[in-house]
Amino acid sequence: MTANVLLGSLTLAQILMTLAMACATFRMLHGPRAQDRVLGLDTLYVNAILLLLIFGIRSDSTVYFEAALVIAVLGFVATAALAKFLMRGEVIE
């Protein structure tokens, strides 16, 4: 019974994360301003991290957790670079 509840909740979480990623992709592609597009990209990578963590829990594998960590680091750097570009117009001074 407990395994069925866990499997069902993980399946529901995967479906909802996929829906959230679709909404973030829409915001990233059709954002009226550049700030909205950066926010959509930021939300997209956070949702990708969470989806990988759900896959890792479901498959009981540590590879997904390591991939989520790499995406988190790269996503943070990309968000910081895009924010600096939007504020100053250049990334490297």
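Tell me, what is a quarter of the convex hull surface for the C-alpha atoms of the chain, in nm² with one decimal?
Numbers: hull surface 26.9 nm².
Mean orientational projected area (the chain, Cα hull): 6.7 nm².
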Q | Alpha-carbon centroids, region 66-85 and region 10-25: separation in whole Å | A | 20
Q. When only C-alpha pairs under 8 Å and at least 6 residues apart count, what is the relative contact order of the chain, in percent?
A. 23
Q: Identify the trypsin sites (Lys or Arg not before Pro) of region 1-61 meeting these criteria: DSSP loop state and at most 14 other C-beta atoms within 10 Å of the C-beta.
A: R33
Q.
Given the options V63, L51, G40, identify the residue whose Cα lies farthest towards the positive end of the charge dipole of region 27-66 (+1 on Cβ of Lys, Arg; -1 on Cβ of Asp, Glu).
A. G40
**Q.** Calculated [θ] (222 nm, deg cm²/dmol) that DSSP helices of n ≥ 4 give over the chain, each run adding -39,500 (n - 2.57)
**A.** -31000 deg cm²/dmol
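Which value, in debye to the nearest 20, describes the size of the charge dipole of the chain about its Cα centre when Lys and Arg Cβ atoms bear +1, Asp and Glu Cβ atoms bear -1, and nothing else is charged?
240
Each reported figure results from applying straightforward, stated rules to the coordinates on display, with no laboratory input. Quick caveat: nothing in here was measured; it's all calculated off a predicted structure. Cβ atoms come from the backbone with ideal geometry, glycine included; neighbour counts cover every protein chain shown.
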